[in-house]
Structures are given as structure tokens and as C-alpha cells.
Amino acid sequence: MFILVFEFRSTAGSGVVAIEDRCRQALERCGLSILYTTATDFVAFSLGSSTSLPAVRYFCVYGTCAGTPRHVVAAHSPLAP
């Protein structure tokens, strides 16, 4: 979220006026880092769900099942490049 806000604010001086264009430009600049973060979160939570500690296992299963669909939906939003 912080990366998106920073990139959105940095598009203010680029001459683009429409908010949709500014959002598109911000997502184009930081989309790859969001993809890498999502992929590493998925791998980490998936590996963590194989632990023998029940509380950690349940947390990691929840993190895998709740986090990944959220990012998939966000990637297919109308503003995504």
C-alpha cells in the first residue's frame, strides 16, 4: 500500500491530470514489485503450513488461503495495466 501511495504521489508532477491515468501509471511502475512480494508471501505461508505446531500451521494456511485470492482479484481489476 505504501508503495502505491508513493508512486501515485510521484505522478502528480508528470503532467497527467486524470486520476485513472495516474493510477494506471503508478501501477505500471510498481506492479512487478507487488507481484514478487505476493509470490514470496505465498511460498512462505505455504511452507509454514507444513510445520508441526498447530497454531503456526493454521495461521499459515489462513495466510495462504486469504492472501493469494486478494492479490489475484486486485491484479484483474479494471485499473490494472
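Nothing in this text is a laboratory measurement; each read-out follows from the coordinates by a stated rule. From a predicted model like this one, the values you see are computed outputs, not experimental measurements. Virtual Cβ from ideal backbone geometry, glycine too; neighbours counted across all protein chains shown.
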Problem - Rg [Å, one decimal], Dmax [Å, integer] - the stretch 2-75, C-alpha atoms - result: 16.6, 55
Practice task
Within 10 Å of each residue's Cβ, count the other Cβ atoms and sort Cys65, Cys60 from fewest upward.
Solution key: Cys65, Cys60
